[in-house]
Amino acid sequence: MTAHTKGSGGDGMKWVGRSIRRLEDPALVRGKGRFTADLPAAHWVRFVRSPNAAGTIKGITAPDDAMVITAADIKGVKKITPMLHKFSYRPVGQPILADGEVRFVGEAIAAVVAASEEEAEDIADLVEIEIEDALPLVDSRAAVADGARQIHAEAPGNVILKGEVKTPGFDEVWAGAAKIVKIDARSNRQNATPMEARAAHAAYDSITGRITLHCTTQMPHLMRTAIADCLGMPESDLRVVAPDVGGGFGQKMSLCAEYVLVTWLARHLKSSVGWTEDRRENLIASFHSRDQYIALEGAFDKDAKLLALRADVLSNVGAYSCFPTTSGVEPLMAMAEMPGPYDVQQYQCVARGALTNTCTMAAYRGVSRPVITFTLERLMDKAAKAFAIDCIDIRRRNLITTFPYKSATGLEYDEASYRQTMEMAVEAINVPAFRARQQLAREKGEYLGIGFATFSERTGYGSPAFAARGMAITPGWETVHVTVDPSGFVEARIGSSPHGQGLRTTLAQIIADEIGVPPGMIKVVHGDTDTAPYGWGTFASRSLVISGGATLIASRKIRAKLLKIAGHMLEAAETDIVLADGKAKVAGTDREVSIAAMAREAYTQTHRFKGEIEPGLSESGTYDPPGTFSNACHVAIVRLDPETGHVRIERYLVAEDAGRIINPMIADGQVHGGVVQGIGNALLEEIVYDDSGAILTANLADYMPPTAHEVPPIELHHMETPSTQSITKAKGLGEGGTIGPPAAIVNAINDALTPFNVEIDTIPATPQRIRALLRNAERAP
Amino acid sequence: MSEKTALTLTINGKDHAISVEPRRTLADAIREDCGQTGTHIGCEHGVCGACTVIVDDAPVRSCLMFAVQAEGKKIRTVEGLADGDTLHPMQQAFMDNHGLQCGFCTPGFLMLAVGVLEREPDISDEDLIDVLSSNLCRCTGYQNIIKSVRAAAQEMRK
């Protein structure tokens, strides 16, 4: 376990690198957080959702006197139609309310508006929807099969996009390989399941005519842009506020049709309108992810060195394309990052997105990387078996060790520690001791297994990375405004929109070191489009790197200005001045002035600095970095009960390198949380559709996020390879924890299954699936 | 919609005279009729525990109890944990040990842990994890929640 120092600062100590307590917490532990559903409203909405996966709406009958909005009432509202200018992308539009056709169970058909949620629910129960069924396409393979019914007129063959890459020289290298190893991997569908489901509250201001939309989102500014586009209203008439947001994990990145409608209703009614999603709606109708088939082959030379990879990715993107990333988010991420941390220069991949009659796919923490890491790491274990070498040995032969490294897909990996973190993990877990214990256990009829996952995590990437995907909307940069007010207190307004990541604290630590003010005097303000600069929100392990970088840039400007003012006030050379503990001091003397006094001068005594310093003490920074790669090695030790198929994780270890760590306590918390979501991915969580397209896992008893019971103590080890691609030297680590567990745990399960001569390449590796494999093996002659 | 019933809920020692339908859950009544929005609703089917409050010294899921059932009982919510500016040891421990991230599940975990430790101050580590597995958290991976509750248990025994 890592040990971190706690302290209250002072004595010119640096704030970055310390586990200070979070500035977010005092309100939250008192129950004083402000979440969207806490707001009162004059009107409440209940959506009537499609019980059918596919079909044509023949009639909607509502009770008399009830306010029931359908597609016919919102004719002028534009469909949500995200766009990619590459990969043969077919732009399909999602109507805000189903218009003529339904395409998945849970699609909103009508909105009931009433004075209370209960009343709206009662009326919704009385709305009758008549649908003429069409044959639903649930599985992506069925959807892209020849002759399958077309779900959208714009997308022939139900393929919304197709990406292809092939490196020159691939065929030759492939033909010369000593061994080809293959895996058919299956990742079933998951739901990010933030503890706060979606919610929106829109209020009309009768004086200004503006709407304030509070909603639980990761991207308030883009919500403003997108909703104003859909409604054809000036963006300046819409204020979007992400108040406290109860987890997002990617699910709250995308634009929800429901938020557009709630905003439309507030304008239409000139009043306040609230909508709080229930858990069932969240599980069936928010956004899903991870539903992929990946066939991956690796060509190795005689020494088990990987020469080439060939992949076929089929991603089930559901009924519509998510805004802003589009349904390219999973298949294109899989295609770009499949080679992972291994030195392999030949690569061929076809990645398709298949439209189906299921809930729309969107980003979920890690995006495709939990699945591609699972696939690639299973492939490496299979290859080790094929070459009869150790699973650690094959990784030693193939991990990248020299940097910068240009991947087969053209990504540039900055300095990292793929090999070192693995060796750190190997040593910490004590493999020889485990193997001895495993042998003894087997002799007693007990089955233990060990599994490794090594991976890289692309983080903190700016606009060029998104532009490379051909996105009509290319996020990337961030702007931060830092102001020292005349009382000496500091406010940083940021375009990122944290929701649990502790950015108010970590950014305050960065500012504190630059301008010498303790974090307690620094307020980081975010989430309100009226006060925060335009920005892209919080997703893709980007905020600490990009907003952190912008914060550093703005803070350095403030620092430069403070040094000038201090030089004047203390009659000293700027180079002799130290900013720390809320003061400017002349080094080696007792001359000092408080930053508060300097701030006051900066506003009220500007004549003294005329021509030298601009009035005020407010600066901006914008940062748009190329991106950096974090890396980690995860190790799981599992105990498998062959009678029941149950898997218990006995030990879980992470050796992680995310560059410079700003707050180790917060960094560890991100890894913990990610790993546990990954454990859910590996063993427990699955959205199950039946053949008719109905969801069988529509509550939290059937869809099972891990509880404290399923989770072992997680052992963390850190390395810090400072990033050359990030001015704070920090790399992102929001998603890394989530990426490793399916690979490490399922490799461990397969290790435990070795005596039975069966292998599982499907996640989640549920007891049912493991038992089915064992049953078949028992039955085999 | 059915007839409303007048009742009084006693939350954190304060009486709230409200009028609700018999079907109204305690969670909704606490939040909407009594304005105590610190109690959160995560699933409304009794699995996630975000809405946990203490009713007559026992932690309960307020989404599974009707408001009318809570009349005459002592209800404690997260807003009642701190004594003015002094946080309850459990709140302090969650802050000290990074036992929360987004903070949505936190009030439920606080009330669950306080309720259990008041009843069973010397609870074993194993039983504690059993109890904490009643509630869901999606951010912390439970590591620091367990650590926080253990730290608070020590403090509460003093």
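A short reminder: the numbers here are calculations on the coordinates, not readings from a lab. Note that the coordinates shown come from a computational prediction; the quantities given were computed from them, not determined experimentally. In this analysis, Cβ positions are derived from the backbone assuming ideal geometry, glycine residues included, and neighbour counts consider all displayed protein chains.
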Quiz item: To the nearest 20 debye, what charge dipole does the range B:5-80 have about its Cα centre, counting +1 at the Cβ of each Lys and Arg and -1 at the Cβ of each Asp and Glu?
Solution: 100
Quiz item: What are the ³J(HN,Hα) values, in whole Hz, obtained from phi via the Karplus relation 6.51 cos²θ - 1.76 cosθ + 1.60 with θ = phi - 60°, for each residue of the range A:548-564 in sequence order, with x given for Gly and Pro?
Solution: x, x, 5, 4, 5, 4, 5, 5, 5, 5, 4, 4, 4, 5, 4, 5, 5
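Given contacts defined as C-alpha pairs under 8 Å and at least six residues apart, what's the relative contact order of chain A, whole-number percent?
Relative contact order for chain A comes out at 16 percent.
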Quiz item: Between the range A:290-328 and the range A:714-758, what is the C-alpha centre distance in whole Å?
Solution: 19
Quiz item: the range B:5-80: D in µm²/s via Stokes-Einstein (Kirkwood Rh, Cα pairs, 37 °C, 0.692 mPa s)?
Solution: 277
Quiz prompt | Residue among A:Thr81, A:Ala304, A:Thr358 farthest towards the positive dipole end of chain A, charges placed on Cβ | solution = A:Ala304
Quiz prompt | Whole-Hz couplings from phi, Karplus 6.51/-1.76/1.60, listed for the range A:205-216; x for Gly and Pro | solution = 9, 5, 7, 9, x, 7, 10, 10, 9, 8, 8, 8
Practice problem: Treating cross-link reach as a plain straight distance, find the aspartates and glutamates whose alpha-carbon is under 15 Å from the alpha-carbon of B:Lys158, omitting any fewer than eight places away in the same chain. | Solution: B:Glu118, B:Glu120, B:Asp122
Exercise. Just tell me which aspartates and glutamates come within less than 15 Å, Cα to Cα, of A:Lys444; anything on the same chain fewer than 8 places away is out.
Key: A:Asp641, A:Glu643
Practice problem: Mind giving me the nanometre distance, one decimal, between the label points for A:Ala441 and B:Ser19, set 7 Å out from Cα along Cα→Cβ? | Solution: 6.4
Quiz item: Which ³J(HN,Hα) values, rounded to whole Hz and listed in residue order, are derived for the range A:517-523 from phi using the Karplus coefficients 6.51, -1.76 and 1.60 in 6.51 cos²θ - 1.76 cosθ + 1.60 with θ = phi - 60°, glycine and proline given as x?
Solution: 10, x, x, x, 9, 10, 9
Quiz item: What is the magnitude of the charge dipole of the protein assembly as shown about its Cα centre, with +1 placed on the Cβ of each Lys and Arg, -1 on the Cβ of each Asp and Glu, and no other charges, expressed in debye to the nearest 20?
Solution: 1960
Practice problem: Return the whole-Å distance between the Cα centroid of the range A:20-63 and the Cα centroid of the range A:544-608. | Solution: 46
Quiz item: For B:Lys73, which lysines qualify as cross-link partners when the Cα separation must be under 22 Å and same-chain residues fewer than eight apart are set aside?
Solution: B:Lys4, B:Lys14
Self-check item: Shape call, the range A:495-544: gyration tensor on alpha carbons, a/c limit 1.5
Solution: prolate
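Sorting check: for A:321-333, A:420-432, which peptide has the highest mean count of neighbouring beta carbons within 10 Å, and how do the rest follow?
By packing density, highest mean first, the sequence is A:321-333, A:420-432.
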Quiz item: Expressed as a whole number of Å, what is the distance separating the alpha-carbon centroids of the range A:209-282 and the range A:452-514?
Solution: 22
Quiz item: List the trypsin sites (Lys or Arg not before Pro) in the range A:41-144 that DSSP assigns to loop (not H, G, I, E or B) and whose Cβ has at most 16 other Cβ atoms within 10 Å. Which are they?
Solution: A:Lys75, A:Lys78, A:Lys79, A:Lys86
Self-check item: Of all DSSP beta bridges in chain B, antiparallel share, percent nearest 5
Solution: 90
Exercise. Restrict the search to the range A:428-464; then list the trypsin sites (Lys or Arg not before Pro) that DSSP places in a loop and that have at most 10 other Cβ atoms within 10 Å of their Cβ.
Key: A:Lys444
Practice problem: Only Cα pairs under 8 Å and at least 6 apart count here; give the relative contact order of the range A:488-548 as a rounded whole percent. | Solution: 49
Self-check item: 18 Å Cα-Cα threshold exceeded, pairs from A:Lys162/A:Lys182; A:Lys32/B:Lys74; A:Lys166/A:Lys302; A:Lys382/A:Lys406; A:Lys14/A:Lys583; A:Lys86/A:Lys731
Solution: A:Lys162/A:Lys182; A:Lys32/B:Lys74; A:Lys166/A:Lys302; A:Lys382/A:Lys406; A:Lys86/A:Lys731
Exercise. Restrict the search to the range A:233-342; then list the trypsin sites (Lys or Arg not before Pro) that DSSP places in a loop and that have at most 10 other Cβ atoms within 10 Å of their Cβ.
Key: A:Lys302
Quiz item: Which three lengths, in whole Å and largest first, does the protein assembly as shown cover when its Cα atoms are put on their principal axes?
Solution: 86, 79, 61
